[in-house]
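Beneath this line is the structure, given in structure tokens, with notes to follow.
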Amino acid sequence: MSTVALETLFPLCRRKPSFHRHKPIPLRPFFVTCSSNLNDDASFIFHQQPRKTLSPVHAVSHTDTSVLHSLQCPHTITNTFLINTTETVEGKIFVRLDHGKGLRDRELTVGCNLPGKWILHWGVTYVDDVGREWDQPPRDMIPPGSILIKDYAIETPLKESSLSAEGDTLHEIRIDLKANNGIAAINFVLKDEETEAWYKNKRRDFKVSLVNNLKEDNSIIGPKWGFDLWPGNLGQISKMFLQSEEADQDDSSESRVPEQDNNQPESFCEEVPITKKVLVQNSISVSTTKCHESGAVKELLLLETDLPGDVVLHWGVCRDDSRKWEVPPRPHPPGTVAFKERALRTQFRPRDDGKGSLALITLEEEFSGFMFVLKQNENTWFKYNGHDFYIPLSSSSSFLNSGNKEGQSEGMQREVTQEASQKSSFFAFTDTITNEIRNLVTDNSSEKIQRTKSKMAQRSIFQEIERLAAEAYNIFRISIPTFSEETAAEPEVTIVEPETSIVEPQATTIVIPETSVESETQSLDPKICSGTGTGYEILCQAFNWESHKSGRWYIELKEMASELASLGFTVVWLPPPTESVSPEGYMPKDLYNLNSRYGNIDELKDLVKRFHEVGIKVLGDAVLNHRCAHYQNQNGIWNIFGGPLNWDDRAVVADDPHFQGRGNKSSGDNFHAAPNIDHSQEFVRKDLKEWLCWLRKEVGYDGWRLDFVRGFWGGYVKDYIDASEPYFSVGEYWDSLSYTYSEMDHNQDAHRQRIIDWINATNGTSGAFDVTTKGILHPALERCEYWRLSDEKGKPPGVLGWWPSRAVTFIENHDTGSTQGHWRFPSGKQMQGYAYILTHPGTPSVFYDHISSHDKSEIASLISLRKRNKIHCRSRVQISKAEKDVYAAIIDEKVAMKIGPGHFEPPSDSQKWSLAIEGKDYKIWEAS
């Protein structure tokens, strides 16, 4: 192996550098993915460029290299990978209140100094408004180009300011405020249509007070440091204009503006810092050239990238298709260091022109492949389709299929182990526990043993498995401080959930299958179960995070009942009905007071009655985990409750230091914004069961959506469901998926097992939202990683792959989307998501915002197809394809579907198929 000088050798081997700053030449595109902690989106373009034999070259490197006496370069193969990274930029939202044109008029200016397509979503609060925060302003206040949003809000696009200084971007909108218009405040949120992100003030709406006596509120924007200039460079321009105005006033003989009304606030300008993720496109190109040196053949590899910062090449070679990493013999590029004797690390060096960095490697012909991953700065890794990059050295044909290689190389696996600081003694101990569990599972799963063992013996084995799994999991989380809670993986054996075998847990649970998912009956049990309903339910979440603002949501929804029924929905989920500290309803106070921001109790009962008339069942949103107190205790802590359920601090868990409860320790995770209720107290369970039964009888609810069920044991839920006998129930068990180096892991068994455990604790009386499936759909669709939609056994990777009848699938809700946007579904991919969940088993849930958009007709077509083909919660899925650019499946041998840009046609050997629905990157066929 030898190293040659880049400057003298490669200009002769290539016409021009293959490094592409923007768009590479699209010769033959193949889309793959890289990974990093920046949620990267990557693709590559493969070039094969024939080369003529070049004349001999004499080149000596700056390091210990050999002289090339007879260099020939027949052709060069260039592989260019596009890497779309996201970068967080900081900016500010500016709010300014000035004097208007009239003596007592005002002018409100809202601006943002970040690029984007900004929309001001705003409304007003009138002085005499009671129970309604948002309303539409007078017509003469509405700027041109605005759009009315129902009867409570306006959307106005921001325009680029004429005062933008060089190097600054400023978008702003000005609103004229006339005197004596009866407006107490202006409320708004800012939306960036490019990213569909919403920006608030301290997680609440911006509120600009126009009167001095408005109730104190942390979200109020008000006078801070005067109105004389904008911050930063923009302020220099603003100051210049204001000084000009002051000079004009000094020269004028007109009288000054009279002193303002004491009830009006002073002029001001305030800024609120924000951050925005912007897309940055980078690339990495690898040019491979075969050169003949004194009769020997060399492989010359030039790697170039425009990734910023320090970039390290973690690389190795292999000799055959096994792709086992090994270190090539010396010499190596300057500064290269060995990593565990299985790989090398080489720092990229800056290009002479300052545009990007490069690395040059020369290899002997004896190797068949070159493998690598990239490390940027300290904690960002880039990989290929979830695996190592692989560049074939002997031929280019094998490269086209390199993305389908299963598993990671041994070298990279060892690297992950090292950087996680895991000790071999720990793994030796946990491997012993794992082997014990496997032996117990194998022993108990044997058909012969199951026929001969008593139920008592089987239960004792289940309890032993539970003990071992809990011990291993606790050791894993406690003994390894370098692992975060998000990345800690549960034991590998905690997989596969049955439809019929239920074991009630007291702690962590391992569920042992009696039958596999395939054996779930395809003909539904006619008996209705609260965990499944009839099995044919199609759920609509009939509200979003802003629905309370009209103050009459129940009335508006009642008018939509017939339309929702015509779209095919069988169940609607309504917002929390109780009095609440937060207007959205998720901080309940008096559970028996059903007058909320959505409407009063009579309007709610009329709404439920109307849904029943059109054949739709109704779910109430029950917040059982926490409750806001009415009074403080002697220490000033809010943990004493009023109303009919006048509990004291014994109803609050003891292990939440914020609320000093005298109950028992929590059976789940604490929600720290309000007192967490201790469900182990008999008086608490008795009161809650009576309340749920009262809601069923008084309001007419048919079932429940249970909020934040991570906070208390599922066994208590079983008690509540047995008492209230709902038609259908679904719990929100939402926690983080598994990640490595901030890239989502392919295997999410540990995540879905936690949801399965909760369902199992309810004895199957409640389903749960399939958060696992939503999480996996995100990178699959956003980064063209459709291979993620099949687990290691060829089944769907979410809860619907293990316990489909209890999986409620969704792509968005009021928390993940709407104006909160905590975990927004990839923009423009919503219909692919619905094409997946509306053709697959489980109970699909559709979000209100999507049926109120241009996607409504496509969603209606998918619902119609599902009902027409009688797809249900236990339907059988046969995955036909799960590759980098396409996922395809056949459901119940009645429906075939594909999502992704790749090609798929259902097989026509056994039956004929007709195309039923086609949209952007998805197709659905029906058997004919």
Using a probe of 1.4 angstrom, how much of the accessible area of segment 589-710 is carbon and sulfur, in percent? 43
Can you tell me the accessible area per residue over segment 293-390, all protein chains present, probe 1.4 angstrom, in square angstrom? 40
Over all alpha-carbon pairs in segment 734-805, figure out the percentage whose distance exceeds 17 Å. 40
With label points built 7 Å along Cα→Cβ from the Cα atoms of Glu341 and Tyr739, find their separation and express it in nm. 3.5
Provide the solvent-accessible area of Thr740, counting protein heavy atoms only and rolling a 1.4 Å probe, rounded to the nearest 10 Å². 50
I'd like the Karplus ³J(HN,Hα) series for segment 709-715: coefficients 6.51, -1.76, 1.60, θ = phi - 60°, whole numbers in Hz, and an x wherever there's a Gly or Pro. 6, 4, x, 8, 4, x, x
Accessible surface of Lys277 - all protein chains present, 1.4 Å probe, nearest 10 Å²: 120
Take the alpha carbon gyration tensor of segment 695-761, find the square roots of its eigenvalues, order them as a ≥ b ≥ c, and report rounded if a/c is under 1.5; if not, report prolate when a/b exceeds b/c, else oblate. prolate
Would you calculate the separation in nanometres between label points at Arg319 and Leu915, each defined as 7 Å from the Cα along the Cα-to-beta-carbon direction? 5.1
Ranking Arg330, Arg696 from most to least accessible area with a 1.4 Å probe gives Arg330, Arg696
With a 1.4 Å probe and all protein chains left in place, how much of the accessible area of segment 293-390 comes from carbon and sulfur atoms, in whole percent? 46
Go through 837-844, 334-341 and give me the packing order, highest mean Cβ count within 10 Å leading. 837-844, 334-341
Highest average packing first - 681-691, 345-355, 571-581, Cβ atoms within 10 Å: 571-581, 681-691, 345-355
What FRET efficiency comes out for Asp129 versus Glu613 if R0 is 30 angstrom and r is the Cβ-Cβ distance? Round to the nearest 0.05. 0.40
For segment 293-390, what Kirkwood radius comes out of the mean inverse Cα-Cα distance, in Å? 14.2
With every protein chain left in place, what is the accessible area of Glu194 in Å² (1.4 Å probe, nearest 10)? 120
Which order do peptides 792-799, 848-855 fall in by mean Cβ count within 10 Å, highest first? 792-799, 848-855
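The values are calculated or read from the model by the stated rules, or taken from the named source; none is laboratory data. Note that this is a predicted model, so its numbers are computed, not measured. Counting neighbours? That spans all protein chains shown, and the Cβs are built from the backbone with ideal geometry, glycine included. For the accessible areas, the whole protein counts, side chains as well, though only heavy atoms, and no ligand, DNA or RNA atoms are used. Shrake-Rupley method; radii C 1.70, N 1.55, O 1.52, S 1.80 Å.
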